[in-house]
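What follows is one structure encoded as structure tokens, with my remarks underneath.
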Amino acid sequence: MPQTRFTDVRRFDSIDSTNRYLLDEARDGAPEGVVAVADHQTAGRGRLGRTWEAPAGANLLASVLLRPDIDLGDRHLATTAVALAAVDAIGAVGLAGVGIKWPNDLVDPVGRKIAGVLAEADLSSAGAPGVLPAPVVVGIGINVNWPGDDADLPPELRGLAVSLRQLSGTAVDREALLDALLEALGTRVDDLDSPEGRAHLATDLRRACTTVGTRVRVDLADESFEGTATGISPAGHLVVETDGGTRLVVAGDVVHVRPGS
Ligand code: BTN
């Protein structure tokens with residue numbers, strides 16, 4: 001195990017959701033740095049209320065409990081820190097060229113999804129005197145050794161998702177990947193604590209981001225619009241040029257739109 005602040009690693013053969021587990025632990029006062037890892041989840045949670053399904057024993061399913069003592073407006077960078085740490089970790093086990101589709105999907109060079117990140121916050125104790133900073137649990141599911149090839153994927157994922165094993169042509173050691181992730185998290189999460197560190201996260205997100213330079217449709221809770229993603233702001237938000245002017249996307253679902261479609 002490498003030197004890392006994430007040393008309290010709790011392992012489960014099967015659990016409903018590692019995010020759910022750590023949110024409950026956080027409510028009971030667990031400190032920053034607790035990690036939950038599962039071989040299988042029976043009710044894995046995805047973004048936008050979706051479920052996250054993965055065959056037992058094939059992927060890396062992990063959540064980390066963070067308690068960033070920073071403004072509410074900067075807390076989305078916890079997701080960025082974990083996504084960047086995952087890119088670092090995948091690089092450390094030998095796979096370069098992984099990008100981030102804004103805000104938090106890891107993708108291969110042709111845009112197939114390798115991993116998804118889901119942050120869930122509990123702000124109920126925020127600001128109360130004498131209590132720990134409010135928790136944010138960030139979970140990641142990385143497609144590691146599943147499936148054998150594209151034909152083994154559920155039809156709806158074919159061509160859209162890919163595993164590290166498919167990309168490298170060989171099985172990837174999940175323990176080595178977890179160790180690399182925990183080590184990378186140490187550095188990336190440290191960056192949350194200072195303005196310079198947060199600027200560094202936004203800069204590295206800009207470098208890794210495959211969304212910049214593409215035509216996008218942005219789906220917000222109450223509207224959708226199209227434009228060209230032109231950058232990442234110093235705060236880590238997506239900058240989109242539309243016919244009506246520049247829009248800054250703080251949160252939302254982004255679809256890469258093929259020109260002319
Ligand atoms: C997405 O929809 O892209 C995000 C998926 C996040 C899945 C991970 S797996 C480990 C952790 N526990 C959960 O229940 N979800 C996250």
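Can you confirm whether region 1-20 contains a residue that is of a type in the set (D, E, K, R), under 20 Å from ASN145 (Cβ atoms), surrounded by fewer than 12 Cβ atoms within 10 Å (Cβ to Cβ) and modelled with pLDDT of 95 or more?
Yes - at least one qualifying residue is present in region 1-20.
Of the conditions (1) part of a helix (DSSP H, G or I); (2) exposed (fewer than 14 other Cβ atoms within 10 Å of the Cβ); (3) among the hydroxyl-bearing types (Ser, Thr, Tyr), THR246 fails just one. Which one is it?
(1)
Go through (1) over 30 Å from LEU153 (Cβ atoms); (2) surrounded by 15 or more Cβ atoms within 10 Å (Cβ to Cβ); (3) more than 13 Å from the ligand (Cβ to nearest atom) one by one and return the number of the condition LEU65 breaks.
Of everything listed in (1) over 30 Å from LEU153 (Cβ atoms); (2) surrounded by 15 or more Cβ atoms within 10 Å (Cβ to Cβ); (3) more than 13 Å from the ligand (Cβ to nearest atom), LEU65 misses just condition (3).
Working carefully through the options VAL107, VAL189, VAL144, find the one that is assigned by TED's automatic domain parsing to the domain that holds ASP71 and closer than 20 Å to ARG5 by Cα.
Being assigned by TED's automatic domain parsing to the domain that holds ASP71 and closer than 20 Å to ARG5 by Cα holds for just one of VAL107, VAL189, VAL144, which is VAL189.
Take ALA43 and tell me if it is touching an Asp or Glu at 6+ places or on another chain (Cβ under 6 Å), closer than 30 Å to VAL255 by Cα and more than 9 Å from the ligand (Cβ to nearest atom).
no
Being in a loop (DSSP other than H, G, I, E, B) and within 10 Å of the chain's Cα centre (by Cα), is that true of even one residue in region 103-116?
The answer is yes, given that some residue of region 103-116 is in a loop (DSSP other than H, G, I, E, B) and within 10 Å of the chain's Cα centre (by Cα).
May I ask you to list the residues in region 73-92 that are part of a helix (DSSP H, G or I), open to solvent by 10 Å² or more (accessible area, probe 1.4 Å), in contact (Cβ under 8 Å) with a residue 40 or more places away in the chain and not hydroxyl-bearing (Ser, Thr, Tyr)?
GLY73, ASP74, VAL87, ASP88, ALA92
Only residues that are in contact with a Lys or Arg (Cβ under 6 Å, 6 or more places away or on another chain), more than 8 Å from the ligand (Cβ to nearest atom) and at negative phi: list them for region 3-35, please.
GLU32
The values are calculated or read from the model by the stated rules, or taken from the named source; none is laboratory data. Nothing here was measured: the structure is a model prediction, and the numbers come from that model. Neighbour counts run over all protein chains shown; Cβ positions are idealised from the backbone, glycine included. Ligands, DNA and RNA are stripped out before the accessible areas are found, and what is left, the full protein with its side chains, is counted by its heavy atoms. Shrake-Rupley method; radii C 1.70, N 1.55, O 1.52, S 1.80 Å.
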